[in-house]
Amino acid sequence: MRATRGEGEEHLRRVTGAMVVLGLAGIPLWGLLRSWTAALVFAVGGIASLVFWSLHRFLTGRMLTPSVRRRWLYGFLSLGKLALIALVLRGMMAKYPAEALPLAAGILLFVAGILLEALCLAFRKPEAAPPD
């Protein structure tokens, strides 16, 4: 079941698109600048970031309900997003301790996507208001 389409849905879709573009551009960049191990670690961080963002979209959309019980349930499930990031960080740092920077950059793709969308909104011309 998809969330109702609105202005907010378009922004969320653009943030996801920006994350995918940045992730696909970052993989070969890390491979060329550092090593292919760094590119692999960046890709794992980027995939974790996309999963985190997808969970955020899903759970936040479900929290917009009048049922208090459901809001608490989805609020509690939102903690799973943080557990996902913690598990990825712990597992990858145990396996590749020297690749902390590419992993952090991959995980922070969702922040970069949000910042890019915010910049686009800041420099977008406001739509003309309908005449009264």
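Restricting Arg71, Arg90 to those that are out of contact with any helix residue (DSSP H, G or I) (no Cβ under 7 Å at 6 or more places or on another chain) and of a type in the set (Lys, Arg) reduces the list to Arg90. Return the total of residues in the stretch 35-45 being over 15 Å from Gly91 (Cβ atoms) and among the small types (Gly, Ala, Ser). Summing the residues that are over 15 Å from Gly91 (Cβ atoms) and among the small types (Gly, Ala, Ser) in the stretch 35-45 gives 3.
The single residue among Val68, Val44 that is free of Cβ contacts under 8 Å to residues at least 60 places away in the same chain and of a type outside the set (Ser, Thr, Tyr) turns out to be Val68. A Cβ distance below 7 Å, combined with a sequence gap of six or more or placement on separate chains, defines the contacts here; from the stretch 92-114, residues that are farther than 25 Å from Leu12 by Cα and free of Cβ contacts under 8 Å to residues at least 60 places away in the same chain reach residues that are open to solvent by less than 40 Å² (accessible area, probe 1.4 Å) and β-branched (Val, Ile, Thr) in the pairs Met92/Val41; Tyr96/Val41. For the stretch 75-130, how many residues are within 17 Å of His56 (Cβ to Cβ) and among the hydroxyl-bearing types (Ser, Thr, Tyr)? Count: 1.
The values are calculated or read from the model by the stated rules, or taken from the named source; none is laboratory data. It should be emphasised that the depicted structure is a prediction, and the values quoted were computed from it without experimental measurement. In this analysis, Cβ positions are derived from the backbone assuming ideal geometry, glycine residues included, and neighbour counts consider all displayed protein chains. We work out accessible area using only protein heavy atoms, side chains counted, and drop any ligands, DNA or RNA first. Shrake-Rupley method; radii C 1.70, N 1.55, O 1.52, S 1.80 Å.
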